[in-house]
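Reviewing the structure listed below.
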Amino acid sequence: MKHIDTLIKDSEELKKQREQIVVDLLSNEAIKKFIMQEKLSTDLIKEYPMHFLKLKNQLTICTACKGLAECKLPNKGHIQSLKFDQILSYAFKPCRYQLQYDIEYQHLKKYRINDLSDETKKVLISDVDIDKESNAKYLKAISAIAEWLDKPSDKGFYLYGDVGVGKTYLAACIANQFAMDGKSVAFIHMPSFLVKLKEAFYDDREQERLKNIAKNVDLLVMDDIGAETVTSWYRDEVLLPILNERMDQKRCTVFTSNLSLKILEANFRYNQKGEVDEMKAVRIMERIKMLANPLEIEGKNRRIRL
């Protein structure tokens with residue numbers, strides 16, 4: 001047990017440390033700016049020094065920050081700020097970079113499933129620099145998509161071509177435009193979607209939720225269709241009902257694939273056991289053709305950086 005003199009000495013030392021913290025806080029420019037902006041009394045610093053010390057430390061981190069990708073705060077993009085309502089308490093507030101992000105990416109709230117890469121989350125067809133494009137077929141595809149976006153019809157596109165020519169990028173341009181126009185969107189990477197469905201195999205509610213999203217959004221993008229493993233269950237109980245519902249309800253659908261329609265049909269003839277079912281493949285392809293016009297995308301592999 002500590003001697004009483006030691007306890008008094010420790011108490012006095014803590015008091016001095018507290019007083020020094022208050023002095024430092026009162027002279028800190030970031031804290032003075034915060035007090036002024038929030039119209040708070042400096043007496044609160046004396047009453048709640050540790051609250052303001054924590055705030056100062058976070059503001060110091062933010063001063064050197066160059067963007068959300070470098071954020072070192074515990075709750076990315078959000079400062080644990082302070083608010084006063086009879087007592088001083090913590091409140092999370094978005095930082096300047098988070099506020100900017102929320103404005104630039106507000107359209108993402110319209111996505112029900114979002115498998116977009118970070119690079120394509122805000123691209124638009126107007127971002128394509130046609131002056132740098134030399135492939136006539138690619139330019140024709142850009143023109144067709146831009147014209148369609150001015151007056152979208154129920155029938156979307158089946159974008160196909162070699163790896164890396166920009167199919168997913170163009171589909172993202174379409175999806176972002178729909179989202180910015182206030183339409184509900186699902187951008188689904190088909191191999192990943194199949195994995196999610198398999199993971200929810202014993203969760204009927206989650207499976208139905210995912211499938212209902214795909215059926216009912218204003219715009220569905222089925223990215224990289226044909227790259228997923230075809231099983232009878234996936235083809236007949238997942239894909240066909242989704243396509244059927246979208247066709248019946250005349251909801252806009254866009255596909256991307258490395259495969260032409262002819263090769264895609266051959267892909268759907270076989271299940272995981274290698275069994276052939278021509279009619280099942282025909283039924284799938286009939287619906288895809290009803291939902292989308294084929295548009296071949298040609299050009300250089302844009303994933304290769306020279």
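Laboratory data are not the source of any read-out in this text; all were calculated from the coordinates shown. These numbers were taken from a predicted model, which means no experiment stands behind them. Virtual Cβ from ideal backbone geometry, glycine too; neighbours counted across all protein chains shown.
A Cα-only calculation for the chain places Rg and Dmax at 28.2, 93 Å. Taking every DSSP helix (H) stretch of at least 4 residues in the chain, weighting each as -39,500 (n - 2.57) and dividing the sum by the residue count yields a mean residue ellipticity at 222 nm of -15000 deg cm²/dmol. Listed by chain and number, the aspartates and glutamates whose C-alpha is less than 19 Å from the C-alpha of Lys16, apart from same-chain residues fewer than 8 away, are Asp5, Asp24, Asp43, Glu47. Each of Leu44, Leu14, Leu219, Leu159 was scored by other Cβ atoms within 10 Å of its Cβ. Listed from fewest to most, they are Leu14, Leu44, Leu219, Leu159. Amide H to amide H, with H built 1.01 Å from N, Val165 comes under 5 Å of Arg302, counting only residues 5 or more places away or on other chains. Over the chain, what is the relative contact order in percent, taking alpha-carbon pairs closer than 8 angstrom and at least six residues apart? Taking the mean separation of contacting Cα pairs over the length of the chain, I get 18 percent. Each Lys and Arg contributes +1 and each Asp and Glu -1, all at the Cβ; summed about the Cα centre of the chain, the dipole is approximately 360 debye. Modelled this way, with points 7 Å down the Cα-to-C-beta line, the labels at Leu68 and Lys15 are 4.9 nm from one another.
Couplings 3J(HN,Hα) of region 159-168, computed from phi: 8, 9, x, 5, 4, x, 7, x, 5, 5 Hz, in residue order, whole Hz [Karplus 6.51 cos²θ - 1.76 cosθ + 1.60, θ = phi - 60°; x for Gly and Pro]. Phi-derived couplings, Karplus 6.51 cos²θ - 1.76 cosθ + 1.60 at θ = phi - 60°, listed residue by residue for region 235-241: 5, 8, 10, 10, 5, 4, x Hz, with x used for Gly and Pro. When the charge dipole of region 201-296 is built from unit charges on Cβ atoms (+1 for Lys and Arg, -1 for Asp and Glu) and taken about the Cα centre, the candidate among Tyr270, Pro294, Leu220 whose Cα reaches farthest toward its positive end is Pro294. Give the shape of region 4-99 as rounded, prolate or oblate, defined through the alpha-carbon gyration tensor: a ≥ b ≥ c are the square roots of its eigenvalues, a/c under 1.5 means rounded, and otherwise the shape is prolate if a/b is larger than b/c and oblate if not. It is prolate, given that a/c is not under 1.5 and a/b is the larger ratio.
What's the center-to-center distance, using Cα atoms, between region 258-283 and region 95-114 in Å? So the two Cα centres are separated by 39 Å. Of all lysines in the structure, those lying under 19 Å Cα to Cα from Lys33, and not within fewer than 8 positions of it along the same chain, are Lys46, Lys54, Lys56, Lys83, Lys93. Legend: calculated FRET efficiency, Glu199 to Lys32, from the Cβ-Cβ distance at R0 = 45 Å, rounded to 0.05, equals 0.30.
Between Ala91, Ala144, Ala171, the Gaussian network model of the chain with springs among Cα atoms under 10 angstrom shows the greatest mean-square fluctuation at Ala91. Close amide-amide hydrogen proximity is noted between Phe255 and Phe157, Tyr158, Leu159, Met222, each under 5 Å apart and 5 or more residues distant or on a separate chain (H modeled in the peptide plane; Pro and chain starts excluded).
Name the residues of region 254-283 whose amide N is less than 13 Å from a point 7 angstrom out from the Cα of Glu296 along the C-beta direction? Backbone N within reach: 259-263. With the Cα gyration tensor of region 51-164 giving a ≥ b ≥ c as the square roots of its eigenvalues, does the rule (a/c under 1.5 for rounded; else a/b larger than b/c for prolate; else oblate) give rounded, prolate or oblate? Prolate is the answer for region 51-164, as a/c is 1.5 or above and a/b outweighs b/c.
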